[in-house]
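K.L.:
Mind having a look at this structure? Questions to follow.
The values are calculated or read from the model by the stated rules, or taken from the named source; none is laboratory data. Because the structure is predicted, anything quoted here is derived from the model rather than measured. No Cβ is skipped: glycine too gets one built from the backbone with ideal geometry, and neighbour counts run over all protein chains shown. The protein model used for the area step is the full one, side chains on, heavy atoms only, and it has no ligands, DNA or RNA in it. Shrake-Rupley method; radii C 1.70, N 1.55, O 1.52, S 1.80 Å.
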Amino acid sequence: MKLTSETTHRPQHEHSVPWFWPMAAAIELGNAGLKMYQDNLRYVEQVAQLSAPPASEWTTANRIALDLDTMLLRDFSTAARHTHLPVLIDAPYAGHSATIADFGDGQSLVAALQKNGLEHVFVTDWKNATSAMKDFNIDTYLTDLRTVIDNLGGKVHLVGLCQGGWMSSMFAARFPDKVATLVLAGAPIDTDAGDGPIKKLAHSLPLSVYQDMVAAGAGRMRGAAMLAGWKSMNPEEQYMGKYLELYRHIDDRNYIERTDKFAQWYENPLDLPGAYYLQAIQLIFKENQLAKGIFVGLGKQLSLRDIVCPVYLLAGEDDDITTREQVFDAEKYLGTPSENIVKTLAAGGHIGLFMGAKTLKECWPGIARWILADGLTAAHDTQKRA
C-alpha cells in the first residue's frame with residue numbers, strides 16, 4: 001500500500017530526547033498506548049527478576065539439626081515424641097536446591113507426608129560446593145549420610161528423590177539394616193534402560209567433555225554451566241517461549257507469582273564438586289556400575305541384591321529426565337521379594353513427582369501410609385501397577 005499524508009501518522013510531540021521516548025510514544029497512542037507502556041515496564045521488571053531472582057526459601061517450619069561438610073540436616077518434626085522411625089528425604093544433589101522437597105503451599109512433599117501421619121520428617125539440604133569441596137567424592141556424601149542416620153537413631157525410612165535415589169540405593173546396599181523402607185522417586189537406578197535424552201548425552205559425549213567443564217570451573221562443576229546445558233535441551237522454550245508466555249500473562253498476578261517462585265528455585269543452581277560429578281558421569285551414567293553390582297562404595301563392592309527391605313518405586317509417565325524404565329528396572333536387581341515392591345506410574349514429568357500438586361495429592365498419601373505400615377501392606381487405593 002502506498003503511504004500518503006492521510007495514512008501516515010504525524011507525531012504531535014517532540015520525540016528527539018531518547019530518554020523520554022517511551023512516554024512520548026504512550027502519549028501519541030492514547031490510553032491504549034499508556035496501557036502498553038505500563039505492561040512493557042512490568043514485563044522488563046519481571047524479566048529482570050526471572051533472570052536473577054533471590055534464592056528459594058523453605059515453606060514449612062524447620063530447624064537445623066546437624067551442620068556437616070556436605071549438608072545441613074533440616075528437621076521438620078511436628079511433635080516432641082514419635083511412634084514411628086524418622087523419615088529422611090534424600091533430596092537431589094544434581095544442581096538445584098533441596099527446597100524442591102518443600103517448594104510451596106500445596107506443592108510440598110514434606111507437608112504431604114506430615115498430613116498423612118508422618119510427623120518425624122528430615123531433609124538433606126545439600127550445600128553449594130566451595131573450592132575447598134572440589135575433591136569431595138561419592139564416598140564423602142555416603143559418609144555424611146551415615147552420620148545423619150546414626151544421629152537419628154541408626155535406622156530410617158529413606159526417601160530418595162532423583163539423584164538422591166541412587167545415593168539412597170547405594171546406602172541401603174552398603175548398610176541394609178539401617179533402612180526400614182526405601183522409596184525411590186524418579187531415581188535413575190538402571191541408567192542403561194529406556195531411551196531418554198540423559199542416557200543419550202551420557203553415552204554420546206566423551207568423558208573429556210565433562211572433564212573440560214570441571215577444569216573450567218577450577219575443579220567444580222558450576223551450576224550455571226549445568227543450567228545452560230539443561231536450557232539448551234529445549235532452547236525454543238527456555239530462551240523464547242517462557243518470555244512470550246510471561247508477556248501474555250503480564251496482568252495475571254497469580255501467574256507472575258508462580259513464575260517468580262519457580263524461577264527462585266530454577267535460576268539459582270548449585271555448584272557440585274568436580275570429583276563427585278565426574279564419578280557420577282563415568283561410573284553411574286556411562287558404566288551403569290550400580291545396577292551391574294560393581295560400584296565400590298565406602299570400601300565395599302555394592303550389590304542391590306543386599307537391599308531386602310520393602311521398596312516403593314515411583315516414576316513419571318512423561319518423565320524424559322529419568323525414564324520409567326530406569327526406575328522400574330530396579331526391581332530386577334533388588335533382593336526385596338516382589339510382593340514387597342510397589343511400582344506406581346504417576347501422570348506428569350520429572351519435577352512434578354516431587355512438587356506437582358496432583359502427584360502430591362494422588363500418590364504421596366498412599367506412599368505415606370505404606371511407610372507407616374513399614375512397607376508390608378501395599379497402598380492399593382493409590383497405586384497403579386506398571
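K.L.:
Can you find a residue in the range 216-239 that is modelled with pLDDT of 90 or more and within 18 Å of L334 (Cα to Cα)?
P.N.:
no
K.L.:
Considering only the range 120-167, how many residues are of a type in the set (D, E, K, R), closer than 28 Å to A79 by Cα, touching a strand residue (DSSP E or B) at 6+ places or on another chain (Cβ under 8 Å) and open to solvent by 50 Å² or more (accessible area, probe 1.4 Å)? Walk me through how you get there before you give the answer.
P.N.:
We begin by selecting, within the range 120-167, every residue of a type in the set (D, E, K, R); these are 125, 127, 134-135, 139, 144, 146, 150, 155.
In the following step, the residues that additionally are closer than 28 Å to A79 by Cα were identified as 125, 127, 144, 146, 150, 155.
Still in the running and touching a strand residue (DSSP E or B) at 6+ places or on another chain (Cβ under 8 Å): 125, 127, 144, 155.
Subsequent filtering for residues that are open to solvent by 50 Å² or more (accessible area, probe 1.4 Å) retains 127, 155.
Qualifying residue count for the region: 2.
K.L.:
Going residue by residue through the range 147-163, is there one that turns out to be within 24 Å of Q289 (Cα to Cα) and at pLDDT below 95?
P.N.:
Step one: of the range 147-163, the residues within 24 Å of Q289 (Cα to Cα) are 158-163.
Next cut, at pLDDT below 95 only: 162-163.
There is at least one residue in the range 147-163 that is within 24 Å of Q289 (Cα to Cα) and at pLDDT below 95.
K.L.:
Specify which of the listed residues (S97, S131, S169) is touching a residue at least 12 places away in the same chain (Cβ under 8 Å), small (G, A, S) and under 22 Å from V311 (Cα atoms).
P.N.:
S169
K.L.:
Of all residues in the range 335-359 being of a type in the set (A, V, I, L, M, F, W, C) and open to solvent by less than 10 Å² (accessible area, probe 1.4 Å), which is nearest to P176 (Cα to Cα)? Steps first, answer last, please.
P.N.:
Start the filter on the range 335-359 by keeping residues that are of a type in the set (A, V, I, L, M, F, W, C), which leaves 341-342, 345-347, 351, 353-355, 357.
Those still in the list that are open to solvent by less than 10 Å² (accessible area, probe 1.4 Å) too: 341-342, 346, 353-354.
Values: I341: 16, V342: 19, A346: 28, L353: 26, F354: 25 Å.
So, considering only residues that are of a type in the set (A, V, I, L, M, F, W, C) and open to solvent by less than 10 Å² (accessible area, probe 1.4 Å), the one nearest to P176 (Cα to Cα) is I341.
K.L.:
How do the helices (runs of 4 or more DSSP H) wholly within the range 304-376 filter down when requiring 2 or more residues that are more than 17 Å from A187 (Cβ to Cβ): which remain? Can you show your working first?
P.N.:
Numbers: elements: 324-328, 352-355, 357-362, 364-372.
Once the helices (runs of 4 or more DSSP H) in the range 304-376 are filtered for at least 2 residues that are more than 17 Å from A187 (Cβ to Cβ), what remains is 357-362, 364-372.
K.L.:
How many of the residues making up the range 173-210 are within 22 Å of the chain's Cα centre (by Cα) and polar (S, T, N, Q)?
P.N.:
Residues that pass the stated criteria total 2.
K.L.:
Does M170 meet the test of being buried (at least 23 other Cβ atoms within 10 Å of the Cβ), at pLDDT 85 or above, out of contact with any Pro (no Cβ under 7 Å at 6 or more places or on another chain) and closer than 21 Å to S131 by Cα?
P.N.:
Numbers: buried (at least 23 other Cβ atoms within 10 Å of the Cβ): yes; at pLDDT 85 or above: yes; out of contact with any Pro (no Cβ under 7 Å at 6 or more places or on another chain): yes; closer than 21 Å to S131 by Cα: no.
Here the answer is no, as M170 does not meet what is asked.
K.L.:
Additional query: Within the range 44-90, how many residues are modelled with pLDDT of 95 or more and over 30 Å from A373 (Cβ atoms)?
P.N.:
6
K.L.:
All but one of (1) farther than 20 Å from V179 by Cβ; (2) buried (at least 17 other Cβ atoms within 10 Å of the Cβ); (3) in contact with a helix residue (DSSP H, G or I) (Cβ under 6 Å, 6 or more places away or on another chain) hold for G106; which doesn't?
P.N.:
(2) is the only condition that G106 fails.
K.L.:
Tally time: how many residues in the range 264-321 are surrounded by fewer than 16 Cβ atoms within 10 Å (Cβ to Cβ) and closer than 23 Å to R220 by Cα?
P.N.:
Total meeting the criteria: 3.
K.L.:
For the range 173-213, how many residues meet the condition of being within 15 Å of I89 (Cβ to Cβ) and crowded, with 22+ Cβ neighbours inside 10 Å?
P.N.:
Filtering the range 173-213 down to residues within 15 Å of I89 (Cβ to Cβ) leaves 179-187.
Next cut, crowded, with 22+ Cβ neighbours inside 10 Å only: 179, 181-187.
Residues in the range 173-213 being within 15 Å of I89 (Cβ to Cβ) and crowded, with 22+ Cβ neighbours inside 10 Å: 8 in total.
K.L.:
Within the range 310-323, which residues are in contact (Cβ under 8 Å) with a residue 60 or more places away in the chain and out of contact with any His (no Cβ under 9 Å at 6 or more places or on another chain)? Reasoning before the result, please.
P.N.:
Of the range 310-323, the ones in contact (Cβ under 8 Å) with a residue 60 or more places away in the chain are 310-316, 319-323.
P310, V311, Y312, L313, L314, A315, T323, listed by residue number.
K.L.:
How about the range 305-338: which of its residues are closer than 15 Å to M170 by Cβ and more than 24 Å from the chain's Cα centre (by Cα)? Write out each step before concluding.
P.N.:
Of all residues in the range 305-338, those closer than 15 Å to M170 by Cβ come to 305-307, 309, 311, 330, 333-335.
Result: R305, D306, I307, C309, Y333, L334, G335.
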